[in-house]
Amino acid sequence: MKVVILCGGLGTRLREESEYRPKPLVEIGGRPILWHIMKLYAHHGFRDFTLCLGYKGNMIKEYFLNYEAMNNNFTISLGKESSLAYKGIHEEQDFKVTLMDTGMDSLTGSRIKRIEKEIDEDTFMVTYGDGVSNVNIEKLLAFHRAHGRIATVTSVHPVSRFGLMDIDAENSVREFAEKPLSDGWANAGFFVFQKEIFQYLDENPHCILEDTPLKKLAADGQLMAYQHDGFFYAMDTYREYLHLNELWNSNKAEWAVWKKEFQHTL
């Protein structure tokens, strides 16, 4: 099954890093966040990827063109009879990665519409190139197939931007919570779609998946939410970039379910 990853945004809120590279190539623990997202899907058996490129898309192409050399030891013979022999086998042997230029200024709905011809099955998955999670992709897919609608979005409890206080009638603070989880639900990406989704999209660069298409799907009774209570974190700002690297470096990267120490979080 095809996994589509949206990799074309400007990443303006992460300018400290995205000025020099597209946000999907910003690194966590020495690997692009895009790699972490792909490893999650691969852990659940999904290894056929289509990347929707835009801003600095050539850098993502170069990353994959050089992947074998940069992730293996090798011996190279120079000269007329040149040859190249790799000395190791990385864990991404059976990844299939299709890289599609979907426009510099295209928004999310337009990018998905522009890769319609790449989708050769009735069901496919889509996510953003800047959010990591330990969502169980197999359970997500089973949920989608069970309800029979066109679209499934993964929902999470967002973290409040501010610390919250419980204050009594006399203005005494009874409890203080530093950035607690909200009671509401937010879009975390990790979508599952039927091909009918393309009827809700168009190639107009201003087509935003999260606006008219999802609103229309909801109004038509064709959008369901898979509730994920586990880890999710989007890397929108430099502070969030630092936090994700801190989690990785302190061995607290709950999204890294392909590592044995985190498999209990599935």
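The values are calculated or read from the model by the stated rules, or taken from the named source; none is laboratory data. Model, not experiment: these values are computed from the prediction. Reconstructed Cβ throughout: ideal geometry from the backbone, glycine too, with neighbour counts over all protein chains shown.
Observations, loosely collected:
- Test result for Phe190, touching a helix residue (DSSP H, G or I) at 6+ places or on another chain (Cβ under 7 Å), modelled with pLDDT of 95 or more and surrounded by 21 or more Cβ atoms within 10 Å (Cβ to Cβ): yes
- Some residue of the range 126-146 being modelled with pLDDT of 95 or more, loosely packed, with under 13 Cβ neighbours inside 10 Å and in contact with a helix residue (DSSP H, G or I) (Cβ under 7 Å, 6 or more places away or on another chain): no
Matching residues to (1) surrounded by 12 or more Cβ atoms within 10 Å (Cβ to Cβ); (2) within 15 Å of the chain's Cα centre (by Cα):
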{"residue": "Gly9", "(1), (2)": "yes, yes"}
{"residue": "Arg13", "(1), (2)": "yes, no"}
{"residue": "Lys39", "(1), (2)": "yes, yes"}
{"residue": "Asn71", "(1), (2)": "yes, no"}
{"residue": "Gly88", "(1), (2)": "no, no"}
{"residue": "Gln93", "(1), (2)": "no, no"}
{"residue": "Asp101", "(1), (2)": "yes, no"}
{"residue": "Arg114", "(1), (2)": "yes, no"}
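- A count restricted to the range 140-162 and to residues that are within 13 Å of Asp229 (Cα to Cα) and free of Cβ contacts under 8 Å to residues at least 60 places away in the same chain stands at 2.
- Any hit, the range 201-220, residues being under 22 Å from His36 (Cβ atoms), outside any helix (DSSP H, G or I), acidic (Asp, Glu) and modelled with pLDDT under 95: no
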